[in-house]
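Worksheet: the structure to be examined is printed underneath.
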Amino acid sequence: MPPRKRAATKPVSSSTGEVKRQGLSKPRYESEIVTADLTAQNAIQSPLLRLPAELRNEIWDSVYSNMMIGMRFDYNHHIDYYPVRPSRDEYTPRRDKHVRLPGFVCKQFWAEVLGIFLSSFTLRLDDPGIFRAMIASGSPLIPQVRSVFLISQAYCPASFVIAWAETLTPSVVGQLKNLQGLRLKLQTQNDPLGMWRTTDIMEDHHWEVLEFPAIIRNFQQRKLHEALTSVHIDHWVETDHRYRCPSTICEVICKNMLQHQS
């Protein structure tokens, strides 16, 4: 039997040969694949994100705007940020269990919520040690702080100033680049030097020694808004057996804090 002829080999095209030789070329139509619409995907997965943008923004605003943020150390001595529940007794902060700080659920949610939260939140300060730890940590919240609620319970005016003078320095206050308001609330049990009766607080010798005018000047480097700035003092009056507010000194302190010094 005569030998069979070998079947003719078909020529390999240059493109096919290239694929066989390299084995790593991208599929021919890969460049034509359309990128998935993440917003549409989010709307499918989340009923909330299906709502119209205007309605979503109203919801975000009602939940995440004007939040009061407290700080405390956790068991590992890390700073724990938490939403503070509104209450009449502001001297005792309580965590608001019905509200959470915005978290990274998805890019769309984060983008829509973050601006509302950062532009309106108030940072509650009641412990100079925790605030110093926050500054030392370089938290990204520091330059975003719009308003500060500084609250303290002290035996006397001097006790408050001594506790905070080394913390509220020019460099620290200077890092609060977006600060627009300062709400100061103090509770004191005694006033042995009659400091709450002083009218010229920036020139008074006792206040100057305690460096309280220096604290006020440090906040003057920020242009505070009158609507976001206030001072309230609860001072125990033994003869009345109740706390009273020395309104004159409150007005003097507030007026001086609003005097912007560039």
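Can you pull out the residues in segment 60-96 that are among the acidic types (D, E) and without any contact (Cβ under 8 Å) to a residue 60 or more places away in the chain? Of everything in segment 60-96, those that are among the acidic types (D, E) and without any contact (Cβ under 8 Å) to a residue 60 or more places away in the chain turn out to be D61, D74, D80, D89, D96. Filtered by the rule that a residue be closer than 21 Å to I151 by Cβ and either among the β-branched types (V, I, T) or free of Cβ contacts under 8 Å to residues at least 24 places away in the same chain (or both), segment 165-199 gives T167, T169, V172, V173, T188. When only residues in segment 217-246 that are hydroxyl-bearing (S, T, Y) and either modelled with pLDDT of 95 or more or surrounded by 12 or more Cβ atoms within 10 Å (Cβ to Cβ) (or both) count, which is nearest to Q153 (Cα to Cα)? Selected residue: Y243. Being out of contact with any His (no Cβ under 8 Å at 6 or more places or on another chain), modelled with pLDDT under 95 and under 30 Å from T169 (Cβ atoms) holds for only one residue in H98, H77, and it is H77. Considering every residue within segment 164-180, establish whether at least one is in contact with a His (Cβ under 9 Å, 6 or more places away or on another chain), crowded, with 16+ Cβ neighbours inside 10 Å, at pLDDT 95 or above and of a type outside the set (G, A, S). Yes, segment 164-180 contains at least one residue that is in contact with a His (Cβ under 9 Å, 6 or more places away or on another chain), crowded, with 16+ Cβ neighbours inside 10 Å, at pLDDT 95 or above and of a type outside the set (G, A, S). Taking the criterion of being surrounded by 17 or more Cβ atoms within 10 Å (Cβ to Cβ), among the hydroxyl-bearing types (S, T, Y) and either more than 12 Å from the chain's Cα centre (by Cα) or part of a helix (DSSP H, G or I) (or both), would at least one residue in segment 134-157 satisfy it? Yes.
Among the candidates P86, P93, P47, P27, the residue that is surrounded by fewer than 12 Cβ atoms within 10 Å (Cβ to Cβ) and at pLDDT 80 or above is uniquely P86. Close contacts from segment 245-262, counting a first residue that is part of a helix (DSSP H, G or I) and a second that is among the acidic types (D, E), with Cβ to Cβ under 9 Å and a gap of 6+ residues or different chains, come to V252/D200; C254/E226. Of all residues in segment 206-244, exactly one satisfies the criterion of being over 27 Å from the mean Cα position of the chain (by Cα), touching a residue at least 24 places away in the same chain (Cβ under 8 Å) and part of a loop (DSSP other than H, G, I, E, B), namely E211.
The values are calculated or read from the model by the stated rules, or taken from the named source; none is laboratory data. All values derive from a computational prediction rather than experimental measurement. With ideal geometry, Cβ positions are generated from the backbone for all residues, glycine too; neighbour counts draw on all protein chains shown.
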